[in-house]
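Participant: Before I ask anything, here is the structure I am working with.
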Amino acid sequence: MPAHEGLTAAVPLTYRAKDETMQQALLRTTQLGATGLEITRVGFGAWAIGGGGWEFGWGPQEDGESIAAIDLYQIHWPIPEEDIEEGWAAFAELKEQGLVRHIGVSNFSTGQLRRIQSIAPVETLQPPYSLIDRGAENEILPFAEREGIGVIVYSPMASGLLTGRMTRDRIARLPDDDWRKHDPRFREPQLSRHLGLVERLTTVAGRHDTTPGAVAIAWTVRNPAVDGAIAGFRCADQVDPILTAASIELTGDDVDEIEGR
């Protein structure tokens with residue numbers, strides 16, 4: 001069963017800037033559900049730096065740029081679905097043996113969560129969540145909040161679409177092996193609607209002296225069920241624009257404008 005490790009260390013987010021000096025930013029931390037772990041509210045997602053050559057690749061990636069940018073073990077996808085009990089039992093055994101401290105899942109439905117909870121408590125959950133993908137609000141986030149499950153959402157900037165840097169021209173120039181080039185969210189008729197959302201994010205970002213991407217992330221972590229969000233960086237230049245996300249306090253007016261009310 002596919003699995004991945006989540007960033008949960010309660011330490012400053014540190015990276016090497018373009019001038020090769022070490023830059024450091026101390027980010028706000030929070031408790032991750034009932035695990036006892038304290039995590040930064042913005043963490044690092046490694047999907048994008050995996051490069052191309054596979055179905056959901058992001059095109060060619062320079063390893064040097066990626067380098068310049070395990071307390072928790074999570075099942076990444078419930079695949080094959082009929083084997084999730086067996087997979088979760090193996091995770092529970094790893095925790096029992098002291099090989100991992102906490103165990104969780106990603107991309108599980110509430111039904112699947114209920115199925116495996118009878119084997120061992122689900123401590124963390126990692127669902128997709130953004131202004132463009134709000135499906136988690138229907139069942140997943142309320143369920144996690146009721147059950148005391150720690151939540152770290154992924155793709156809060158919708159795979160780069162909400163960063164403010166994604167233009168029609170840039171999308172057209174994406175390499176053919178970048179999955180986003182063929183995703184309906186990056187094509188019409190959805191694209192115009194999403195770029196309109198970016199304009200509203202840009203307006204709010206101006207009030208907070210930050211970037212649209214940081215505002216998009218801040219919008220996700222304002223949900224009381226969400227403990228943190230992971231955002232992907234492909235190079236050091238992409239770190240600075242979103243570091244402020246953990247400290248942005250969106251007002252009611254900000255949220256109304258972002259959501260087009």
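Participant: What's the extension gain from LEU94 to ARG134 if we count 0.36 nm per residue and subtract their Cα-Cα distance?
Facilitator: Going from the current span to full extension adds 11.1 nm.
Participant: What GluC sites (Glu not before Pro) in the range 133-201 are in a loop by DSSP, with at most 14 other Cβ atoms within 10 Å of the Cβ?
Facilitator: Filter output for the range 133-201: GLU139.
Participant: Using a simple spin-label model with points 7 Å from Cα along the Cα→Cβ vector, what separation in nm is obtained for SER247 and GLU38?
Facilitator: Label-label distance for SER247 and GLU38, simple model: 1.7 nm.
Where a number appears in this text, it was derived from the coordinates with a stated rule and is not lab data. It should be emphasised that the depicted structure is a prediction, and the values quoted were computed from it without experimental measurement. Glycine also receives a Cβ, built like all others from the backbone with ideal geometry; neighbour counts cover every protein chain displayed.
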